[in-house]
Every structure is written in C-alpha cells, then in structure tokens.
Amino acid sequence: MQKKIAVIGAGLSGLVAARNLHQAGNQVTVFEKARGPGGRMSTRRQEDYAFDHGAQYFTCRDERFRTQVEDWLARGVVAEWKAPVQALNPAGASTPTKEKTTRYVGTPRMSSIGRDLAQETELITTQRITSIGIQDDRAGTWVLESETGEVYPDFETVVLSTPAPQAVPLLSCDPEFQKTAESVSMLPCHATLVTFSKQLDPGFGGAFVENSPLSWVARNSTKTRRPEAESWVLHSHAEWSLAHMDASPEDVSRKMLQALSEVIDSPLPEVLFSTSHRWLLARSEEPLNAGYLWKESTGLGVCGDWLHGDRVEGAFLSGLELATAIKKSMH
Ligand SMILES: Cc1cc2nc3c(=O)[nH]c(=O)nc-3n(C[C@H](O)[C@H](O)[C@H](O)COP(=O)(O)OP(=O)(O)OC[C@H]3O[C@@H](n4cnc5c(N)ncnc54)[C@H](O)[C@@H]3O)c2cc1C
C-alpha cells in the first residue's frame, strides 16, 4: 500500500532511504535546509573553482554498498582516485600509507553523488524543518513545520536523517529517540580551500597529517575529471578548530596555509583564491552502531552516519537499512 513519507535531510543517508522507499511505490518528499542535496558530501563552487570541502573520498567494504558503487562506476557518477596518499608528520618521517585501499570520488565533483540519488524523488530545498508533531492527537499521522511557517500535514512515516545534534530538538516527539541522539556529540573541522597560480606537486594526492593544525590535505585537482587549476583542500584537527571557533575566515586560511608550507617543507606558490569554511558538525565523537532507529507503532525512523560508525559508507548503509525495515513493516 502506498504511503506518504517525509524525509528530513538530503545528505547521503536521507537520499538513500528516500530513493529506496520511492522505488517501492511510496510517495516520498525530501526536505533540505540547504540549497541543494549532498549534505557533508558536497562541493563548494567559487569563482571558476570547485572544491570538495566535506567528504574527500570514500571506501567500500560492504557488499550492499559495493553493488551501488559498481552502478555509479558504470554510469560515471564516481571513479577511483588513484593518486598516492601519504602520512605526513612535520616532526618525524613521512611515509606512504601502507594499506592497499581503493578510494572513490564523485565525478566531476563529490556533489554528483547526491544529485544522482536525488533525481527520482521530490526534493524541497532551502526549507529547514523546525518541528515534527503528532497531527490532531492521531498516533501515526505526522505534521511537519518549517522555519518559514510552512505546514506539511498527513505523513504516515517520517525519516529524520540529520546529524545527531540537529536531530535532538526535532525528536521532542519521541523522548526515547531524543535521548539516543543526545548521547552523540560531534566535533568541528575547518576546511581551507585554495587555488595556486601554478603547480604544487609534493608527490601525493592526499595526506593524513599529524603534529600540525592540519589533519588532512588534498590536491583536489588530482581527482578524476576536475578542472586543471591547482586547487587544494586543507582540513584541520578538531582540537585546533575548537581553539579557533571565533577566528575570521581570513585568519583561519592564513594559519592553515602556513601549516601546509610547514608540513610539505616548501614555500607555496602565489594564491589566486582562498577561503575557509567551518563545519560545526563534521564527525561524531563516538558514533553508535545501532544502524538506524525505527518505531513501527508511530512510523518514525532515524538514520545517519552517527548511527552506523560514521563516514560515507555508514551513512549509505544506515539509510538503506532503515528503508528496508520500513518496507518490511508495510507488509
Ligand atoms: C570535513 C569532512 C570530511 C569528511 N571526510 C570524509 C571522508 O574522507 N570519507 C568519508 O567516508 N567520510 C567523510 N566525512 C563524513 C561524511 O561526509 C559523512 O559521513 C556523510 O556525508 C554523512 O551523511 P549523512 O546523510 O549521515 O549526514 P549529512 O550529510 O550531514 O546530511 C544531513 C542533511 O540534513 C540537512 N538538515 C539538517 N537539519 C535539517 C533540518 N532541520 N531541516 C532540513 N534539513 C536539515 C543538512 O543540511 C544535511 O544536508 C567527512 C565529513 C566532513 C564534514
């Protein structure tokens, strides 16, 4: 039987749940507060440049995710990122990472994945949902309200797919789920996005960094089908971000670029463009392994990377597993 389903959040987990439930014949509407889909797996485009400023790449271990990745590979939505990845330590030796990890990226940008998943479902963007309420005291019928005062009634099922701290206020309708979301705190990360006037090739595509403000640096331009401009993405360690929460974007960029020069032990070329972005909720301090939350009696479900060990693959599996549980309860 077709159901009217709302999904809050158009990150990977919400989009996967939405697509799955839509393909099963339900009437699904996705609500997203940002201007487009993708969430933390998105791309910032500025002037003529594009930067994957959130998720850098993803790996694939689970067979269910592998089936999806193979479909994306066949359709050119993702590609392998073959550039070498290193471990850098300005206080010690730098080493190539030892594992033989296959890394994938969205093509021509990370946000292509969200756009691909969002194709089939109704997506309402720039609409922040501020409450999930039980409609007219009828358990199992939900009404959503948005920041702009819009009211969306008559949903039989609601899927909430936001990061845990953003789920907490929305879960006042279910104190048990709310308590679970409250138990997960998230850490910030600054991303500095920079384009240089000429090549800067230290011999790697990406590097994990220790003993520095930086946790990760990537030559964005070494990823498949990117523009030729020499663009880099630098991520900070959470502790450094916590100590620089109120710093201006210019100050953050300057300090992170100085740190880049130190970790690669080289002066940097002229900067054509730089900016920085502050991810307040970058990753869970201690993600849960519940997979998802679902209550058949009320039709409320919760998914997201924070329920499935963090990262892109976890977000995908959380959305998929929740959709599977919802479909099962419909029979
Ligand atoms: C800096 C950074 C680097 C990362 N690097 C990697 C990496 O290299 N590899 C990897 O595997 N993972 C990485 N990750 C993690 C990866 O991005 C996430 O695990 C994954 O994208 C999470 O998907 P999600 O659907 O759970 O949540 P999100 O992507 O956060 O999606 C939630 C969505 O809900 C929306 N939303 C929130 N509140 C509301 C509301 N009230 N109303 C409507 N919409 C709302 C948000 O705007 C967002 O679009 C990184 C993350 C960050 C931030």
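As for the stretch 24-37, it holds at least one residue that is more than 11 Å from the ligand (Cβ to nearest atom), more than 30 Å from Thr148 (Cβ to Cβ) and not assigned by TED's automatic domain parsing to the domain that holds Ser231.
For the structure I just gave you, tell me whether Phe58 is near the ligand (Cβ under 8 Å from one of its atoms) and more than 23 Å from Leu123 (Cα to Cα). Yes, satisfied. Residues in the stretch 283-297 that are touching a strand residue (DSSP E or B) at 6+ places or on another chain (Cβ under 8 Å) and buried (at least 17 other Cβ atoms within 10 Å of the Cβ): Arg283, Ser284, Tyr292, Leu293, Trp294. Go through the residues of the stretch 10-22 one by one and say whether even a single one is buried (at least 22 other Cβ atoms within 10 Å of the Cβ), of a type in the set (A, V, I, L, M, F, W, C), near the ligand (Cβ under 7 Å from one of its atoms) and assigned to a helix (DSSP H, G or I). Looking for residues that are buried (at least 22 other Cβ atoms within 10 Å of the Cβ), of a type in the set (A, V, I, L, M, F, W, C), near the ligand (Cβ under 7 Å from one of its atoms) and assigned to a helix (DSSP H, G or I), one finds at least one in the stretch 10-22, hence yes.
Just give me the residues in the stretch 120-142 being at pLDDT 95 or above and closer than 16 Å to Gly9 by Cα, in sequence order. Within the stretch 120-142, Glu122, Leu123, Ile124, Thr125, Thr126, Gln127, Arg128, Ile129, Thr130, Ser131, Ile132 meet the criteria. Could you say whether any residue in the stretch 33-52 is buried (at least 17 other Cβ atoms within 10 Å of the Cβ), among the acidic types (Asp, Glu) and within 27 Å of Ala207 (Cα to Cα)? Yes, there is a match, as at least one residue in the stretch 33-52 is buried (at least 17 other Cβ atoms within 10 Å of the Cβ), among the acidic types (Asp, Glu) and within 27 Å of Ala207 (Cα to Cα). Per the conditions (1) free of Cβ contacts under 8 Å to residues at least 60 places away in the same chain; (2) not in a loop (DSSP other than H, G, I, E, B), the sole criterion not satisfied by Ala79 is (1). Close Cβ contacts (under 8 Å, 6 or more residues apart or on different chains) running from residues in the stretch 14-29 that are over 16 Å from Phe316 (Cα atoms) to residues that are surrounded by fewer than 19 Cβ atoms within 10 Å (Cβ to Cβ) and polar (S, T, N, Q) comprise Gly25/Gln2; Asn26/Gln2; Gln27/Gln2. The criterion of at least 3 residues that are within 12 Å of the ligand (Cβ to nearest atom) is met, among strands (runs of 3 or more DSSP E) falling completely within the stretch 155-230, by 157-160, 186-196, 214-219. Confirm whether Tyr104 is within 13 Å of the ligand (Cβ to nearest atom) and either closer than 30 Å to Pro249 by Cβ or within 24 Å of the chain's Cα centre (by Cα) (or both). Spelling it out, Tyr104 is indeed within 13 Å of the ligand (Cβ to nearest atom) and either closer than 30 Å to Pro249 by Cβ or within 24 Å of the chain's Cα centre (by Cα) (or both).
Answer yes or no as to whether Leu260 is surrounded by 15 or more Cβ atoms within 10 Å (Cβ to Cβ), within 22 Å of Gln56 (Cβ to Cβ) and in contact (Cβ under 8 Å) with a residue 24 or more places away in the chain. Taking the combined requirement at face value, the residue satisfies it. For Val233, the conditions (1) buried (at least 20 other Cβ atoms within 10 Å of the Cβ); (2) out of contact with any helix residue (DSSP H, G or I) (no Cβ under 6 Å at 6 or more places or on another chain) are fulfilled apart from (2).
Considering every residue within the stretch 271-294, establish whether at least one is away from the ligand (no atom under 15 Å from the Cβ), more than 19 Å from the chain's Cα centre (by Cα) and not in a strand (DSSP E or B). Within the stretch 271-294, none of the residues are away from the ligand (no atom under 15 Å from the Cβ), more than 19 Å from the chain's Cα centre (by Cα) and not in a strand (DSSP E or B). Checking the structure you have, find out if any residue of the stretch 313-331 is at pLDDT below 95, under 24 Å from the mean Cα position of the chain (by Cα) and not assigned by TED's automatic domain parsing to the domain that holds Gln56. Checked the stretch 313-331: no residue is at pLDDT below 95, under 24 Å from the mean Cα position of the chain (by Cα) and not assigned by TED's automatic domain parsing to the domain that holds Gln56.
Just so you know, in the stretch 40-55 the residues that are in a loop (DSSP other than H, G, I, E, B) and of a type outside the set (Lys, Arg) include one that is farthest from the ligand (Cβ to nearest atom), and it is Asp48. When the stretch 239-257 is limited to residues that are in a loop (DSSP other than H, G, I, E, B) and in contact (Cβ under 8 Å) with a residue 24 or more places away in the chain, the one that is farthest from Ala91 (Cα to Cα) turns out to be Met245.
The values are calculated or read from the model by the stated rules, or taken from the named source; none is laboratory data. Given the structure is predicted, the values throughout are model-derived calculations rather than measurements. When we count neighbours, we look across all protein chains shown, and the Cβ atoms used for this are built from the backbone with ideal geometry, even at glycine.
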